[in-house]
1. So is residue 396 at pLDDT 50 or above and not assigned by TED's automatic domain parsing to the domain that holds residue 68 or not?
2. List the helices (runs of 4 or more DSSP H) that sit entirely inside the range 127-245 and contain at least 1 residues that are at pLDDT below 90 and either assigned by TED's automatic domain parsing to the domain that holds residue 9 or in contact with a helix residue (DSSP H, G or I) (Cβ under 9 Å, 6 or more places away or on another chain) (or both).
3. Is it the case that the range 310-328 has a residue that's out of contact with any helix residue (DSSP H, G or I) (no Cβ under 6 Å at 6 or more places or on another chain), surrounded by fewer than 23 Cβ atoms within 10 Å (Cβ to Cβ) and over 17 Å from residue 256 (Cα atoms)?
4. Do we have any residue at all in the range 39-53 that's farther than 18 Å from residue 358 by Cβ, in contact (Cβ under 8 Å) with a residue 60 or more places away in the chain and under 19 Å from the mean Cα position of the chain (by Cα)?
5. Quickly run through the range 397-409 and pick out the residues that are in a helix (DSSP H, G or I) and more than 23 Å from the chain's Cα centre (by Cα).
6. Against the condition outside the structural domain of residue 152 (by TED's automatic domain parsing) and surrounded by 21 or more Cβ atoms within 10 Å (Cβ to Cβ), how does residue 269 come out, does it pass?
7. How many residues, within the range 246-260, are assigned to a helix (DSSP H, G or I), surrounded by fewer than 18 Cβ atoms within 10 Å (Cβ to Cβ) and more than 22 Å from the chain's Cα centre (by Cα)?
């Protein structure tokens, strides 16, 4: 029985009151955000009658999200993280209210929707970056993989339940009510962030006066100089760009399966992630985090390779479920390395860079798969991408010793990493303390 419990998701982080409140509030807020994610493209298509405009909405949000993630990460390293998180969370809620207002006023303007989408995506980029930098201040290092797994389960579950809920409610209550519900749902996270203790940035006041672009450049230099950080980014980028075939799902559904099966293909990846999260106790206690990143990427690549050769929907789902699980594990260990392998004063900037990689990898993957798929065909493109992902992960593991030998920090190393318990006052900063 004890061994069986160790396979289930580790709920140890929920014993920390601040993390527990944020996590529980995130369930409500994530569901609400999915309501808006469904309604916005529907409204854009209704107003314009063009799928190109719907695609433009995704492009409009990309650059603001990436820029705000870098900016928010820099602010998180020089400002009180609680205040930055509270400000961006309130901003997201205000944007949802503005979306409700445009629906209530019946503006029927694609331009207004695109502007609001861009603003909200920018706020989301900064908010998620700061949130990941906050997590190591709320739980001890040994529980970070479990904390990241718990947060991933919430997001993936909302990605499945939210669209289903929106589809059921939309005919009954209309788009205005769903926008308003999203705005109300954000209040749960506002309350949880308000309850957080002060989370002052480490270091001295001199660094706070540095221009934000210079602070971002410091983060980029840190990544290029630290072997483990650069290798983790390369592994994740390879998996998301070479091995993420979602751009080919419509063609696969039309040519290999049935057009109505496309929803199953998308849902299978998320469902695999949720299942892996529920049984994440089987891997979150692993201490060799470098190996865990590489193995997760390799398993993802193998599963995608199998999916590319599937000729029936059950076979495709059977491959996509473990693929989704491997993708969740890859994200858990990637975030954990980035949270533990850098000083606390650099965490915000590293999480900002991580957001850019996590957003840019799939976008590049869509372009690569769409282009190569048109030239070589779907099967060769999907399986080839999976094989290349496996080769990249194993090559990095073999040829980068620091990646292969990287382990989780010992519990006693908490203060060395700059992590401070939320229940203890921070020590006074040392004169001229450097972020490096």
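1. Against the criterion (at pLDDT 50 or above and not assigned by TED's automatic domain parsing to the domain that holds residue 68), residue 396 qualifies.
2. Qualifying helices (runs of 4 or more DSSP H): 144-194, 205-208, 212-225.
3. Taking every residue of the range 310-328 in turn, none turns out to be out of contact with any helix residue (DSSP H, G or I) (no Cβ under 6 Å at 6 or more places or on another chain), surrounded by fewer than 23 Cβ atoms within 10 Å (Cβ to Cβ) and over 17 Å from residue 256 (Cα atoms).
4. No, because not a single residue in the range 39-53 is farther than 18 Å from residue 358 by Cβ, in contact (Cβ under 8 Å) with a residue 60 or more places away in the chain and under 19 Å from the mean Cα position of the chain (by Cα).
5. Those that are in a helix (DSSP H, G or I) and more than 23 Å from the chain's Cα centre (by Cα): 397, 398, 399, 401, 402, 404, 405.
6. Spelling it out, residue 269 is indeed outside the structural domain of residue 152 (by TED's automatic domain parsing) and surrounded by 21 or more Cβ atoms within 10 Å (Cβ to Cβ).
7. 5
The values are calculated or read from the model by the stated rules, or taken from the named source; none is laboratory data. Only a predicted model underlies this, so the values are computations on that prediction, with no experimental measurement involved. Counting neighbours? That spans all protein chains shown, and the Cβs are built from the backbone with ideal geometry, glycine included.
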